[in-house]
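Visitor: Structure in structure tokens, see below.
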Amino acid sequence: MDTLPHPEPLLPLRAWRALQSRGVRYAWHKTLRRSLGRWPSWKRRLIYADPRAYWTHRGGFDYFREQEGQVGRTLRAEWIAGRLAAYRPTSILEIGCGYGKLLRAARDRTDVPLTGLDFSRSQLASAGAFLEGVDQVELLLGRGDRLPFADGAFDMVVTSAVILHNPPEVADRIRREVIRVARRFAAHNEETNLSYNRYGYDTAAWYRAQGFRIAESGPIPMDPDPEVSQFCVVRVNG
Ligand SMILES: C[S@@+](CC[C@H](N)C(=O)[O-])C[C@H]1O[C@@H](n2cnc3c(N)ncnc32)[C@H](O)[C@@H]1O
């Protein structure tokens, strides 16, 4: 995949292209997302009732270009990948891997097997292109709250801006699945604030309340608002 951001064409042209390339439902989703800025509760009800449908519409080249155009996103992925590598995991599962930005940054810092799982086909398709030729990366379609892996299948399990997109009961199931399939470490970058597509959780507090030992917890240095940024690594075993 072309990794260089291009200048964005004007909105009517983008809407027309969206309609042409991905059909009426996608164009309608995009229009609602762009136009309901001042009504977040309506936005949540209309376009975030089903997070998987949302992410299936959201994923694709437009999303990829939008994200790759933000230097802060790259610096953050690199910082997180550096922290993950510091624990010398022997394998990593990323739940909600999106188009593979963090997996790619992780590959530059560790040579262990990497697995990415996501419930959005469009995100996974982008990941397949973005990670083409990268060694030892497996990508799977699946749900974070029902992982198709055995207990303790990965040394480290990671989520980055994923649990926060799920309502509380699903978020709880995802964390329990993380604990089930992780042998040693769970690592999370999950912001704590609310928006139309974000529930916001204090993940470190949840683990503490369950009696787990937190290896580190704090804001990511390059995030604009340290009050809502949270990266934590948890020892799930010992
Ligand atoms: C904001 S993106 C983050 C992608 C990637 N983790 C990163 O940091 O670049 C959120 C991703 O999580 C995925 N996702 C959200 N909830 C999920 C769930 N319950 N199961 C699987 N994937 C999920 C979405 O499809 C989307 O690709």
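Visitor: From Thr56, Thr74, grab the single residue that is surrounded by fewer than 17 Cβ atoms within 10 Å (Cβ to Cβ), within 15 Å of the chain's Cα centre (by Cα) and within 11 Å of the ligand (Cβ to nearest atom).
Guide: One residue alone meets the criteria, Thr74.
Visitor: Would you confirm whether any residue within the stretch 81-90 is of a type in the set (Ser, Thr, Tyr) and in a loop (DSSP other than H, G, I, E, B)?
Guide: Among the residues of the stretch 81-90, at least one is of a type in the set (Ser, Thr, Tyr) and in a loop (DSSP other than H, G, I, E, B), which makes the answer yes.
Visitor: Quickly run through the stretch 140-155 and pick out the residues that are of a type outside the set (Phe, Trp, Tyr) and surrounded by fewer than 20 Cβ atoms within 10 Å (Cβ to Cβ).
Guide: Leu140, Leu141, Gly142, Arg143, Asp145, Arg146, Pro148, Ala150, Asp151, Gly152, Ala153, Asp155 - these are the residues of the stretch 140-155 that are of a type outside the set (Phe, Trp, Tyr) and surrounded by fewer than 20 Cβ atoms within 10 Å (Cβ to Cβ).
Visitor: From the list Ala106, Ala85, Ala81, Ala129, pick out the single residue that is modelled with pLDDT of 95 or more, closer than 30 Å to Leu19 by Cβ and assigned by TED's automatic domain parsing to the domain that holds Ile220.
Guide: Of Ala106, Ala85, Ala81, Ala129, the one residue that is modelled with pLDDT of 95 or more, closer than 30 Å to Leu19 by Cβ and assigned by TED's automatic domain parsing to the domain that holds Ile220 is Ala129.
Visitor: Going by what's in this entry, would Arg107 be described as basic (Lys, Arg) and within 15 Å of the ligand (Cβ to nearest atom)?
Guide: The answer is yes for Arg107.
Visitor: Does Ala182 satisfy being out of contact with any helix residue (DSSP H, G or I) (no Cβ under 8 Å at 6 or more places or on another chain) and surrounded by fewer than 16 Cβ atoms within 10 Å (Cβ to Cβ)?
Guide: So Ala182 fails the test.
Visitor: To continue, here is another question. Quick one: count up the residues across the stretch 19-53 that are surrounded by fewer than 18 Cβ atoms within 10 Å (Cβ to Cβ) and either without any contact (Cβ under 8 Å) to a residue 40 or more places away in the chain or not in a helix (DSSP H, G or I) (or both).
Guide: 22
Visitor: So, in the stretch 138-176, exactly how many residues are in contact with a Lys or Arg (Cβ under 7 Å, 6 or more places away or on another chain), free of Cβ contacts under 8 Å to residues at least 40 places away in the same chain and within 14 Å of the ligand (Cβ to nearest atom)?
Guide: Total meeting the criteria: 3.
Visitor: Restricting attention to the stretch 111-129, does a residue exist that is within 10 Å of the ligand (Cβ to nearest atom), buried (at least 23 other Cβ atoms within 10 Å of the Cβ) and in a loop (DSSP other than H, G, I, E, B)?
Guide: Checking the stretch 111-129: at least one residue is within 10 Å of the ligand (Cβ to nearest atom), buried (at least 23 other Cβ atoms within 10 Å of the Cβ) and in a loop (DSSP other than H, G, I, E, B).
Visitor: Continuing with this model, one more query. Being of a type in the set (D, E, K, R) and in contact with a Leu (Cβ under 7 Å, 6 or more places away or on another chain) is the filter here, so list the residues in the stretch 195-238 that pass it.
Guide: Arg198 - this is the single residue of the stretch 195-238 that is of a type in the set (D, E, K, R) and in contact with a Leu (Cβ under 7 Å, 6 or more places away or on another chain).
The values are calculated or read from the model by the stated rules, or taken from the named source; none is laboratory data. It should be emphasised that the depicted structure is a prediction, and the values quoted were computed from it without experimental measurement. Glycine also receives a Cβ, built like all others from the backbone with ideal geometry; neighbour counts cover every protein chain displayed.
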